[in-house]
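What follows draws every value from the coordinates through simple rules; no lab data is involved. Model, not experiment: these values are computed from the prediction. Backbone-built Cβ (ideal geometry, glycine too); neighbour counts: all protein chains shown.
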Amino acid sequence: MKLLKNLLKSPMFVVGISLFLITILVALFGPLFYEMNLQRVGMPYDAPSGKYWLGLDNFGRDYIALLLRGLSSSLYVGLIAGVIATSIGTLVGLYGGFKGGIADDILSVITNLFVVIPQFVILILISSTFEKRSLALVAVIIGFTAWTWSARGVRAQAAALKSKDHISLARLNGDGIMKVLIVHVLPYILSYVFMVFILQVSSGILSEAAISMIGLGPTGDNAISLGVILNDANRYGGLSGRFWHTFLPATCVISALVFALYLINTSMEGVFNPRLRK
């Protein structure tokens, strides 16, 4: 509660969490109050009107309905990818940093191999091997290619904690390494892990938009995400034809999501990091 009160004193946190909660509420409850007709309802690129506030896309579909579906899909991909990447990175970093020795060396080599090759290149190579890609599959691919920097950060935290007195006492009492990691080490770095998760969610949303823009995102008639919307606008002349309503709203939503998560992470780092508080 004390930490929450400190966070609420930060204007950045209040703005960031408010903006993020608004997007979640819109994604959850928007379809309940707005008719989600994803079929063709008019001519392609019809301008915004009283009936269709953001106009129609390149297929003549209601852009607001697409935006609501795309927002839900991108949040879904970001959250799933964030959970996977944070879980793998935390597990690898915790074990390697605490265990040390040859186990740490092996895990460090594996992590560094993934670091040397840019994540986006690996993401493209893996995504291109699948002819059909669901939202869940895209999220899993992103999660399994984005864990490396999380592992390196958690490893440094775990390595710094293993010499603490309470850790040594737990090991002398006969606690196994997994119990020590979960009971005695993980609680001390939960705040850091949560900040890593926030950044991974943001990275997942951006990664989905990036691979969708080059045609390697979700496929299928119902696979609509913010990245897919931007890809359609690019492929069918929305950008070259300067039909702003086919790409600008989706771009603004992605920017707002990432900006909100950045504000949350920065404000949390200011509260949890003692040196920044000073």
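Listed highest first by mean packing, meaning other Cβ atoms within 10 Å per residue, what order do 9-18, 80-89 come in?
Most protected by this proxy first, the peptides run 80-89, 9-18.
Translational diffusion coefficient, Stokes-Einstein: compute it for the chain using the Kirkwood radius over C-alpha pairs as Rh, at 37 °C and 0.692 mPa s, and state it as an integer in µm² s⁻¹.
Reported coefficient: 159 µm²/s.
If you bin every alpha carbon distance in the range 11-71 into 10 Å steps from zero, what whole percent lands in each bin?
Binned Cα distances yield the sequence 23, 41, 24, 11, 1.
Tell me, what is the Rg over Rh of the range 54-192, with Rh the Kirkwood radius over Cα pairs?
Ratio of gyration radius to Kirkwood radius: 1.15.
HN-Hα J couplings of the range 208-217 from phi, Karplus 6.51/-1.76/1.60, θ = phi - 60°, integer Hz, Gly and Pro as x?
4, 4, 5, 6, 5, 5, 9, x, 10, x
Step by step: find N for the range 132-172, compute 2.2 N^0.38 Å, then divide the Cα radius of gyration by it. What's the final number?
Its radius of gyration relative to the 2.2 N^0.38 Å reference: 1.91.
With labels modelled as points extended 7 Å from the Cα through the Cβ direction, what inter-label distance (nm, one decimal) is found for Val121 paired with Ala103?
Calculated label separation equals 3.2 nm.
What is the ratio of the Cα radius of gyration of the range 87-158 to 2.2 N^0.38 Å, where N is its residue count, to two decimals?
Rounded to two decimals, the normalised Rg is 1.22.
For the range 88-109 and the range 12-64, compute the distance between their C-alpha centroids and round to whole Å.
Answer, in whole Å: 45.
How large, in Å, is the range 145-203 by the Kirkwood hydrodynamic radius built from its alpha-carbon pairs?
That comes to 12.4 Å for the range 145-203.
Please give the Cα centre distance for the range 204-247 versus the range 131-167, rounded to the nearest Å.
When both Cα centres are located, 28 Å separates them.
Residue-wise, which Karplus ³J(HN,Hα) couplings in Hz belong to the range 166-181, taking 6.51 cos²θ - 1.76 cosθ + 1.60, θ = phi - 60°, and x for glycine or proline?
Taking θ as phi minus 60°, the curve returns 5, 6, 4, 5, 5, 5, 5, 6, x, 5, x, 5, 5, 5, 4, 5 Hz for the range 166-181.
Limiting things to C-alpha atoms, what are the Rg and the maximum Cα-Cα separation (Dmax) for the range 154-278, in angstroms?
Spelled out, the Cα radius of gyration and Dmax of the range 154-278 are 21.8, 71 Å.
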